[in-house]
Amino acid sequence: MTSKAAISVTGLNKSFGTTSVLKDISLEIAPGERVVVIGPSGTGKSTLLRCLNYLDHPDSGTIRVGDLSVDPATASRADILGLRRRTAFVFQNYALFANKTALQNITQALITVKGQSKVDATARALETLRETGLSNKADSYPAALSGGQQQRVGIGRAMALDADLMLFDEPTSALDPEWVGEVLDLMRRVAEKKQTMLIVTHEMQFAREIADRIIFMSDGEIVEQGKPEQLLETPSDPRTQAFLRRVAKTG
Amino acid sequence: MRALDFQYMWDMVPVLLGYVPLTLFMAIVGMFFALILASVMAVERVFRVPVLDVFVRLFISFFRGTPLLVQLFLFYYGLPQVLSFLTSINGVTATIMGLTLHFAAYMAESIRAAILGVDRSQWEASQAVGMTQVQMMWHIILPQASRVAAPTLVNYFIDMIKGTSLAFTLGVTELMGATQKEAAGSFLYFEAFLVVAAIYWIMVELLSFAQRHLEIYLNKAFAR
């Protein structure tokens, strides 16, 4: 361990064509800390998450997780794999493996990536399914599950990886309103375990409840950050104030 | 106009059925190697491996661009003249080689299209859990692509079964060659070729029946 932080990011930049999406982002998250990122659409929140596990390759900037330090100029395939194996990702569109059952969605990476035996992986997956309330869906394929159930499997898949950091990319945004509650409940239970989490969400009430820190991003920059009450009630930047007024109005 | 010699046709059936195993052997072995070669080439085409990509594209271009019969003659009559170790190549081996390479070229393109059709979320989820590219292709992408590619691949297999009949031009006494010999003895060409046509047709129909079960199997994860 070269740093006490669960993850530390320095000077992260990312452009798509001529559009600069992330501008010199620096960020540290302590072990067990739960950080929520909010901000207007198209301000690079998802891109930030996707750069943290190299689903999108940043143009520059260093990402440090544990003893691993990854920089796009020098990153080898093994570095990127290492980074991905220290993080877990929950997708907006669930992204369950369509050809695998709920159980296999969880065991797959435990067996192929972490090298666990099939017996151990299955035991762990069954335990995870119990935690997510889906024991009776172990043998169901994603196509036969509701959106809420699929996302709970998606979170279970990420939980079972025992990652240093769990990344949540708008996990409830694609859900019908009736399924949002069960997914947020599960995320609360994950948070109670002191799992380090970085969450992009539009659920303000949820953010206030579980976050140790909220980050407000706009135009590819971290505009301000702080404790939930402080950031949500007494924001200092006009952009944060404007954004919070807009969300308050709609919901 | 003369009446069909039904007795002759009836007697020919067991004789010709004796050659079905050889026909199926060539088609199945050819299909087996063609599937492997095609999958490897399809994956290569998706990732565009430098240098290798040029060879794969050239390969596909040549084997799609020339007739199977020409390729078989090239292997059986042509190659031994330049490569001395091939002098002992027999007609069955040359046919299997030709079928493998010819159909692999076609199948590589269908498999490639099926791979590219697999939803982006499947690639990203595989990467996010830390799979290597090989693990991702083997466990997630190829199984899903196979469902899309299956109907087309079965089509190629059907074509391959019928393609084995070209082996008779290399002097192999397989189903077609045997029929030809029988007919040359009896002069009952119409009867003989009618029987062999029926045998090919029934083989393909049985295969179509199997195809339906294969598709149900491959679709089981996607049924609601």
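Read-outs: derived from the displayed coordinates by stated rules, not from any lab. Given the structure is predicted, the values throughout are model-derived calculations rather than measurements. Glycine gets a Cβ as well: all are built from the backbone with ideal geometry, and neighbour counts include every protein chain shown.
May I ask you to say which residue of B:Ala128, B:Ala178 is buried (at least 20 other Cβ atoms within 10 Å of the Cβ), in contact with a helix residue (DSSP H, G or I) (Cβ under 9 Å, 6 or more places away or on another chain), more than 24 Å from B:Ala38 (Cα to Cα) and within 14 Å of another protein chain (Cβ to nearest Cβ)?
After ruling out the rest, the residue left standing is B:Ala128.
Give segment A:138-150 a look and list any residue that's part of a helix (DSSP H, G or I), surrounded by 21 or more Cβ atoms within 10 Å (Cβ to Cβ) and over 19 Å from the mean Cα position of the chain (by Cα), or say none.
A:Pro142
What's the total number of residues in segment B:209-220 that are in contact (Cβ under 8 Å) with a residue 60 or more places away in the chain and either touching a Ser or Thr at 6+ places or on another chain (Cβ under 9 Å) or in a helix (DSSP H, G or I) (or both)? Write out each step before concluding.
At the first step, the residues of segment B:209-220 found to be in contact (Cβ under 8 Å) with a residue 60 or more places away in the chain are B:211, B:214-215, B:218-219.
The next check asks that each one be either touching a Ser or Thr at 6+ places or on another chain (Cβ under 9 Å) or in a helix (DSSP H, G or I) (or both); those that pass are B:211, B:214-215, B:218.
Of the residues in segment B:209-220, 4 are in contact (Cβ under 8 Å) with a residue 60 or more places away in the chain and either touching a Ser or Thr at 6+ places or on another chain (Cβ under 9 Å) or in a helix (DSSP H, G or I) (or both).
Name the strands (runs of 3 or more DSSP E) wholly inside segment A:20-71 in which the number of residues that are in contact with a helix residue (DSSP H, G or I) (Cβ under 6 Å, 6 or more places away or on another chain) is 3 or more.
Numbers: elements: A:34-38, A:60-65, A:68-70.
Answer list for segment A:20-71: A:34-38.
Name the pairs whose Cβ atoms lie under 7 Å apart, with the first residue in segment A:88-101 and facing chain B (nearest Cβ under 7 Å), the second part of a loop (DSSP other than H, G, I, E, B), and 6 or more positions between them or separate chains?
These pairs meet every condition: A:Phe89/A:Asn53; A:Asn93/A:Ala174.
Output yes when any residue across segment B:127-148 is outside any helix (DSSP H, G or I), farther than 30 Å from A:Leu167 by Cα and of a type in the set (A, V, I, L, M), and no when none is. Can you show your working first?
Step one: list which residues in segment B:127-148 are outside any helix (DSSP H, G or I), which gives B:129-132.
The next check asks that each one be farther than 30 Å from A:Leu167 by Cα; those that pass are none.
Scanning segment B:127-148, I find no residue that is outside any helix (DSSP H, G or I), farther than 30 Å from A:Leu167 by Cα and of a type in the set (A, V, I, L, M), so the answer is no.
Can we say B:Val118 is over 17 Å from the mean Cα position of the chain (by Cα) and either closer than 14 Å to B:Met31 by Cβ or of a type in the set (Val, Ile, Thr) (or both)?
So B:Val118 passes the test.
If I filter segment B:2-9 for residues that are acidic (Asp, Glu), surrounded by 12 or more Cβ atoms within 10 Å (Cβ to Cβ) and in a helix (DSSP H, G or I), do I get at least one hit?
Looking for residues that are acidic (Asp, Glu), surrounded by 12 or more Cβ atoms within 10 Å (Cβ to Cβ) and in a helix (DSSP H, G or I), one finds none in segment B:2-9, hence no.
Just to verify a result, which residue in segment A:217-246, among those that are in contact with a Phe, Trp or Tyr (Cβ under 9 Å, 6 or more places away or on another chain) and assigned to a helix (DSSP H, G or I), is nearest to A:Thr19 (Cα to Cα)?
Here the answer is A:Arg239.
So which residues in segment B:36-49 are out of contact with any helix residue (DSSP H, G or I) (no Cβ under 7 Å at 6 or more places or on another chain) and part of a helix (DSSP H, G or I), if there are any at all? It would help to see each step written out before you state the result.
Taking segment B:36-49 first, the residues out of contact with any helix residue (DSSP H, G or I) (no Cβ under 7 Å at 6 or more places or on another chain) are B:36, B:40, B:47-49.
The answer is B:Ile36, B:Val40, B:Phe47.
Looking only at segment B:181-208, count every residue that is in a helix (DSSP H, G or I), in contact (Cβ under 8 Å) with a residue 24 or more places away in the chain and of a type in the set (A, V, I, L, M, F, W, C) and tell me the total.
Number of matching residues: 9.
Of the residues A:Lys118, A:Lys114, only one is within 12 Å of chain B (Cβ to nearest Cβ) and surrounded by fewer than 21 Cβ atoms within 10 Å (Cβ to Cβ); which?
Going through A:Lys118, A:Lys114 in turn, the sole match is A:Lys114.
Determine if segment B:26-40 includes at least one residue that is surrounded by 14 or more Cβ atoms within 10 Å (Cβ to Cβ) and over 16 Å from B:Ala104 (Cα atoms).
no
Filtering segment A:10-32 down to residues that are farther than 14 Å from A:Lys45 by Cα and under 17 Å from the mean Cα position of the chain (by Cα), which residue is surrounded by the most Cβ atoms within 10 Å (Cβ to Cβ)?
The qualifying residue surrounded by the most Cβ atoms within 10 Å (Cβ to Cβ) is A:Ile29.
Specify which of the listed residues (A:Ala160, A:Ala109, A:Ala174) is within 13 Å of chain B (Cβ to nearest Cβ), surrounded by fewer than 18 Cβ atoms within 10 Å (Cβ to Cβ) and of a type in the set (A, V, I, L, M). Quick ask: steps written out before the conclusion?
Values: A:Ala160 fails: surrounded by fewer than 18 Cβ atoms within 10 Å (Cβ to Cβ); A:Ala109 fails: surrounded by fewer than 18 Cβ atoms within 10 Å (Cβ to Cβ).
Going through A:Ala160, A:Ala109, A:Ala174 in turn, just one is within 13 Å of chain B (Cβ to nearest Cβ), surrounded by fewer than 18 Cβ atoms within 10 Å (Cβ to Cβ) and of a type in the set (A, V, I, L, M): A:Ala174.
Out of segment B:140-150, which residues are within 7 Å of chain A (Cβ to nearest Cβ) and surrounded by fewer than 20 Cβ atoms within 10 Å (Cβ to Cβ)?
Passing the criteria: only B:Pro143.
Restricting to segment A:57-87, count the residues that are within 10 Å of chain B (Cβ to nearest Cβ) and touching a residue at least 12 places away in the same chain (Cβ under 8 Å).
Summing the residues that are within 10 Å of chain B (Cβ to nearest Cβ) and touching a residue at least 12 places away in the same chain (Cβ under 8 Å) in segment A:57-87 gives 7.
Name, by its number, the condition in (1) away from chain B (no Cβ under 13 Å); (2) under 22 Å from A:Leu22 (Cα atoms) that does not hold for A:Asn136.
Every condition holds for A:Asn136 apart from (2).
Do the conditions hold for B:Arg45, that is, is it more than 29 Å from B:Leu175 (Cβ to Cβ), buried (at least 16 other Cβ atoms within 10 Å of the Cβ) and basic (Lys, Arg)? Spell out how you get there, then give the answer.
Values: more than 29 Å from B:Leu175 (Cβ to Cβ): yes; buried (at least 16 other Cβ atoms within 10 Å of the Cβ): yes; basic (Lys, Arg): yes.
Criteria met by B:Arg45.
Would you confirm whether any residue within segment A:61-73 is surrounded by 18 or more Cβ atoms within 10 Å (Cβ to Cβ), among the aliphatic types (A, V, I, L, M) and over 21 Å from the mean Cα position of the chain (by Cα)?
no
Can you name every residue in segment A:132-180 that is more than 17 Å from A:Thr196 (Cβ to Cβ), of a type in the set (Gly, Ala, Ser) and in contact with a Ser or Thr (Cβ under 7 Å, 6 or more places away or on another chain)?
A:Ala138, A:Ser140, A:Gly156
In segment A:31-56, which residue that is of a type in the set (D, E, K, R) and within 11 Å of chain B (Cβ to nearest Cβ) is farthest from A:Phe243 (Cα to Cα)?
The selected residue is A:Asp56.
Within segment A:73-112, which residues are assigned to a helix (DSSP H, G or I) and within 27 Å of B:Leu218 (Cα to Cα)?
A:Ala102, A:Leu103, A:Gln104, A:Asn105, A:Ile106, A:Thr107, A:Gln108, A:Ala109, A:Leu110, A:Ile111, A:Thr112
I need a count of the residues in segment A:190-218 that are among the acidic types (Asp, Glu) and in contact (Cβ under 8 Å) with a residue 24 or more places away in the chain. Let's see the steps before the verdict.
First pass over segment A:190-218, keeping only residues among the acidic types (Asp, Glu): A:192, A:203, A:209, A:212.
Pick out the ones that are also in contact (Cβ under 8 Å) with a residue 24 or more places away in the chain and you get A:203, A:212.
Counting residues in segment A:190-218 that are among the acidic types (Asp, Glu) and in contact (Cβ under 8 Å) with a residue 24 or more places away in the chain gives 2.
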